[in-house]
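Okay, so here's the structure we're looking at.
The values are calculated or read from the model by the stated rules, or taken from the named source; none is laboratory data. Quick caveat: nothing in here was measured; it's all calculated off a predicted structure. Heads up, the Cβs are rebuilt from the backbone with ideal geometry, glycines too, and the neighbour counts pull from every protein chain shown.
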Amino acid sequence: MIRWACPLMLVVCICSSTLGVEPKPERFFFRNCVRCHGAEEQNGNVRFDKPIDTLFNDRELLESTVAVLEAGEMPPKEASQPAANEVAEVVQMLQERVVNWRPENPLKRITRAEYSNTIHDLFGVEFDFDGLLPPDHVEQGFDKFGDSHLMSPHQVMAYLKTARFIAERLLPDSKPKTRIWEFDARHFHGSKNFATGGGGDYRDGDEYVLTGFRPYRSNLHFSVDPQAHDQFVIPTFGVYRIEVKAHSEKSRESEVVGINLGDGRHPTSFRMIRRMPMPHGSEGFTTELTLKAGDMLALTFDSARVPGRSLANKPHEGPAMRFSHLKVTGPLAEKWPTPAMDSLLPKSDVTSSELVDHIALLLTQRPLPLKDRKAFVDIARIQEKSGSSLTVRTRSVLIALLTSPHFIYKAESPELTSVERAHRLSYFLWNSVPDAEVLEAARSGDLVRDPSGQVERLLNDARVDRFIDDFSRQWLQLDKVDDFGPDVRVFKNVRRMTVDSMAREGRELFRHLLQDDLSMEYFIDSDFVMVNDRLARFYGLPPVSGDAFVPVKLPVGSERGGLVAQAGFLKLTSIDFATSPIHRGAWILKNLYNEHIEPPADILINEPDIRGTTTIREAILKHQQLESCARCHSKIDPLGFALEYYDPVGRKRSVYRHVEELSVDQKGTSFTKQLKITSVPIDAVMTLPNGREVRDMHTLKAALMADQDRIIKGIIGKLISYAHGRDITLADRPYVDAVFEAIAQDDYSLRSAIHAIVAHAAFGRK
């Protein structure tokens, strides 16, 4: 048995009647709800027999009540129903009460990504904080929500460690010495690649060859001593230039080399830091990376075919990447003192007070409150009295300010000040601090009077890529596309970079709509797709050159176009062998409609008896017979089942392939198991709660387009949540509706929606 909690059960209405007079909420609750939500029985731990003022003070209860009444989910279908006008009047009364509660933005920390971007934009140095700051907690799909930004002792220590790391590298005691290391095939090594029986990487004369990728990365790493296998280690922090001589063979297209951090002898722990496209005929590449002491580099052939069998006894016939030479130069210090030192270190005779004010203004773009300023000045004075150099004093003040709430938290007054508004805008679209021009517009009042100029400038700046990447990744869950499979024994010829391209398609559609000022309707359906060379080939479209994504017109009658037809979404909502219609349907409701779908926690659920079922459809229909499941799944399941004609990698199919693993020896490893595949017919016809039938991609898109207004409002809600760092509530409905109405004349343009959000009065409130 599973115990679930669901707001849909908050208002179980057993009795009902039609009142001939204007209804009062208390009368409505008494006549329709108290029997199950009164003194004797409290379904969902909710009571409606309390004084009405008490009920009105419970915001969460009122919002849930409005939601279930508006959706028509209560009273239960088997009960007699109140008159529609009665329900509508009560809903309106409750909604007006909720809307009067102004939602407040909770106190918010800057996220790990925002922290990194901020330091980069302030000092021109790129830091990697993945090993220093813990990942941010995700709430309702986003990591920006203040409600989840708890500050634990572990978090405090992580910020202190990070601040010391930054200060020591921005303000070194001496100029680092630049060195050069060169490596050839004698210095190259590879990992034992279990996917290829150890044959995925090997030395061939004066070259080292990589052929495989999954399930363990074949890789090239290197040592200073040709006779040793100890991996080369970066000696000190700084920017390093990496020059690689390499070329592909048995390939007629561009390939991709991945640069990874981690021990090449144990490639399962790799972390990709850069992907280097290599056009057909390329002889290598040069790039610069910011690395820290102790980092170890390894190169992978990321566009290699996913191996489906051991290559130990069979020569590799597919593409390969050959490496002949590698040169590492660094740390680079072409200018000394560095620009960061120039900005941080004031004149030599600076006082402690001036030093604190200088660094505080640099970091926070506002003066410190007088009550807090003294503590930082005392730190500087203690250092000065001890005879410390200006560099050491500055370093100490920098560490203290980097760990203070003034830097870590976003300052927000009930009505945002001009500078606070500038910060909200910049952290919305750049994920970083505002630049001088935004601050000037804020202080002059222009940002409040007419923010459109600054919004447009920020959207046209290269830093907007951070917003595009971060918002689309979190909204569409693009970082999870490759969490499962595909199992290469079943889905053959799916190359690694095809899967990578699937994960990028949603982001590139978002980018295209934003940059070309196109309608958000295209998130639902479109007559074009964003593809690169591999994805175009995967979809069977005309050839596209290179790794960059471009819009391609779809042929008449194509089912592609829109988010739900993207292979990335279809794979995201699948597992190794099978699709998941429930995951697909829930994804649509959560991410397009912006509905909160949570499993019930206080309803006792008996697991349905699915014995005798032969198809997924039959099993799902069995669990729908449970009342507590049916209320949500009547909406979820039809949306997902309409997509059953697409397999776990997003390819069209006509039948299910039911896969079983049968061991053929006692080891029973994944590569010694035999697969038994059974074909099962697909039956995808289902009916939505509104009576509309969906059975395939075409009918699903038609149903979604019929709900276009709700979906566009759902996407607007997602953008507002991201900008404000909180979940939206019923009280935000006027905000969402105002943005929706403002962009109607612009064909619901994504770009116009961002302008309208920033221009709305609510954007300037905490």
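Yes/no per residue for (1) under 13 Å from the mean Cα position of the chain (by Cα); (2) closer than 29 Å to A360 by Cβ; (3) basic (K, R):
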position	(1), (2), (3)
S432	no, yes, no
N460	no, no, no
F471	yes, no, no
D482	no, no, no
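Among the residues making up the stretch 405-445, those that are under 23 Å from F123 (Cβ atoms) and of a type in the set (S, T, N, Q) are S426, N431, S432.
Scan S396, S472 and give me the residue that is closer than 27 Å to H149 by Cα and in contact with a Lys or Arg (Cβ under 6 Å, 6 or more places away or on another chain). Outline the logic, then answer.
On the way: S396 fails: in contact with a Lys or Arg (Cβ under 6 Å, 6 or more places away or on another chain).
None of the other options fit; the residue is S472.
Across the stretch 342-375, the number of residues qualifying as closer than 19 Å to K410 by Cα and either assigned to a helix (DSSP H, G or I) or in contact with a Gly (Cβ under 8 Å, 6 or more places away or on another chain) (or both) comes to 11. Listed by first and then second residue, the pairs with beta-carbon distance under 6 Å, at least 6 apart or on different chains, first residue in the stretch 285-300 and farther than 12 Å from R241 by Cβ, second among the acidic types (D, E) and modelled with pLDDT under 95, are M296/D263. Restricting S472, S501 to residues that are at pLDDT 85 or above, part of a helix (DSSP H, G or I), crowded, with 22+ Cβ neighbours inside 10 Å and among the hydroxyl-bearing types (S, T, Y) narrows the list to S501.
Look at (1) part of a helix (DSSP H, G or I); (2) without any contact (Cβ under 8 Å) to a residue 12 or more places away in the chain and you find that A738 fails only one, number (2).
Of all residues in the stretch 161-189, those satisfying the criterion of being hydrophobic (A, V, I, L, M, F, W, C) and surrounded by 14 or more Cβ atoms within 10 Å (Cβ to Cβ) are A163, F165, I166, A167, L170, L171, W181, F183, A185, F188.
Only residues that are under 27 Å from the mean Cα position of the chain (by Cα) and polar (S, T, N, Q): list them for the stretch 137-176, please. Answer for the stretch 137-176, where residues must be under 27 Å from the mean Cα position of the chain (by Cα) and polar (S, T, N, Q): Q140, S148, S152, Q155, T162. If the condition is being in contact with a Phe, Trp or Tyr (Cβ under 8 Å, 6 or more places away or on another chain) and among the polar types (S, T, N, Q), then the stretch 325-374 contributes T329, S343, T364. For the stretch 521-551, the set of residues classified as among the charged types (D, E, K, R) and at pLDDT below 95 consists of D533, R534, R537, D547, listed by residue number. Restricting L554, L592 to those that are among the hydrophobic types (A, V, I, L, M, F, W, C), touching a helix residue (DSSP H, G or I) at 6+ places or on another chain (Cβ under 6 Å) and modelled with pLDDT of 85 or more reduces the list to L592. Here F549 passes the criteria (1) of a type in the set (A, V, I, L, M, F, W, C); (2) touching a strand residue (DSSP E or B) at 6+ places or on another chain (Cβ under 6 Å); (3) closer than 18 Å to L704 by Cβ except the one numbered (3).
Out of the stretch 741-766, which residues are outside any helix (DSSP H, G or I), over 23 Å from the mean Cα position of the chain (by Cα) and either among the polar types (S, T, N, Q) or farther than 17 Å from Q454 by Cβ (or both)?
Answer for the stretch 741-766, where residues must be outside any helix (DSSP H, G or I), over 23 Å from the mean Cα position of the chain (by Cα) and either among the polar types (S, T, N, Q) or farther than 17 Å from Q454 by Cβ (or both): I743, D747, Y748, R765, K766.
Pairing residues of the stretch 450-476 that are farther than 15 Å from A753 by Cβ with residues that are of a type in the set (G, A, S) and part of a helix (DSSP H, G or I), at Cβ distances under 7 Å and at least 6 apart in sequence or on separate chains, gives Q454/A441; D470/A113; L476/G506. The numbered conditions (1) more than 28 Å from R710 (Cβ to Cβ); (2) within 42 Å of the chain's Cα centre (by Cα); (3) modelled with pLDDT of 65 or more; (4) of a type outside the set (D, E) are all true for R35 except (2). When D533, D525 are checked against the criterion of being farther than 22 Å from K701 by Cβ, of a type in the set (D, E, K, R) and surrounded by fewer than 22 Cβ atoms within 10 Å (Cβ to Cβ), D533 stands alone in meeting it. Here the condition is being in a helix (DSSP H, G or I), at pLDDT 85 or above, crowded, with 22+ Cβ neighbours inside 10 Å and out of contact with any Lys or Arg (no Cβ under 6 Å at 6 or more places or on another chain); of I582, I636, it holds for I636 alone.
Looking across the stretch 266-292, the residues that are among the polar types (S, T, N, Q), touching a strand residue (DSSP E or B) at 6+ places or on another chain (Cβ under 9 Å) and either in a strand (DSSP E or B) or within 15 Å of D302 (Cα to Cα) (or both) come down to T286, T287, T290.
Among residues of the stretch 396-405 being among the small types (G, A, S) and in a helix (DSSP H, G or I), the one that is nearest to R457 (Cα to Cα) is A400.
Yes/no matrix, rows are residues, columns are (1) at pLDDT below 70; (2) part of a helix (DSSP H, G or I); (3) surrounded by fewer than 16 Cβ atoms within 10 Å (Cβ to Cβ):
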{"position": "V12", "(1), (2), (3)": "yes, no, no"}
{"position": "V21", "(1), (2), (3)": "yes, no, yes"}
{"position": "L55", "(1), (2), (3)": "yes, yes, no"}
{"position": "L61", "(1), (2), (3)": "no, yes, no"}
{"position": "L69", "(1), (2), (3)": "no, yes, no"}
{"position": "E73", "(1), (2), (3)": "yes, no, no"}
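Applying the criterion of being at pLDDT below 95 and within 30 Å of L171 (Cβ to Cβ) to the residues of the stretch 237-257, the residue that is surrounded by the fewest Cβ atoms within 10 Å (Cβ to Cβ) is V239.
The residues of the stretch 406-430 that are assigned to a helix (DSSP H, G or I), under 26 Å from the mean Cα position of the chain (by Cα) and more than 22 Å from A756 (Cα to Cα), listed by number, are F407, I408.
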